[in-house]
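Asks: I am attaching a structure below and will ask some questions about it afterwards.
No value in this document is a laboratory result; all are computed from the given coordinates. Computed from a prediction, not measured in an experiment: that's the story for all the values here. For neighbour counting, all protein chains shown are included, and Cβ atoms are generated from backbone atoms with ideal geometry for every residue, glycine included.
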Amino acid sequence: MELNMSDTETARRKAPGALPKYITIAETADMLGVTKMTIRNMLSDGRLRGYRLGKVVRLQLAEVEAAMAPFGGAA
């Protein structure tokens, strides 16, 4: 059976000890529907945590998803 890219990616994400997925500031902004400046502000004030390697900044996808808090709806 041949695995396509999505099967491989899914298997890697579910594998114990798999490396976390990192995304750029631009990808984070697109995902959340905000500007890159908003993401930079969220990094500056501590609402999101960034990871730097030299001048490159990335955010951990799981942490971005966890930062989104549900609101409204029936209690």
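Asks: Count the net charge of all other residues whose Cβ sits under 13 Å from the Cβ of Glu63, scoring Lys and Arg as +1 and Asp and Glu as -1.
Replies: Once positives and negatives cancel, what remains is +3.
Asks: Okay, next question. How far apart, in nm, are the 7 Å Cα→Cβ label points at Lys21 and Asn41?
Replies: 2.7
Asks: Taking other Cβ within 10 Å of each residue's Cβ, how do Leu32, Leu19 sort, fewest first?
Replies: Leu19, Leu32
Asks: OK, next. Pull out a ≥ b ≥ c, the square roots of the eigenvalues of the alpha-carbon gyration tensor of segment 19-67, then state rounded if a/c is under 1.5, prolate if not and a/b is larger than b/c, and oblate in the remaining case. Present the calculation step by step, with values, prior to reporting the outcome.
Replies: Numbers: a/c = 1.35, a/b = 1.14, b/c = 1.19.
Judged from the Cα gyration tensor, segment 19-67 comes out rounded (a/c under 1.5).
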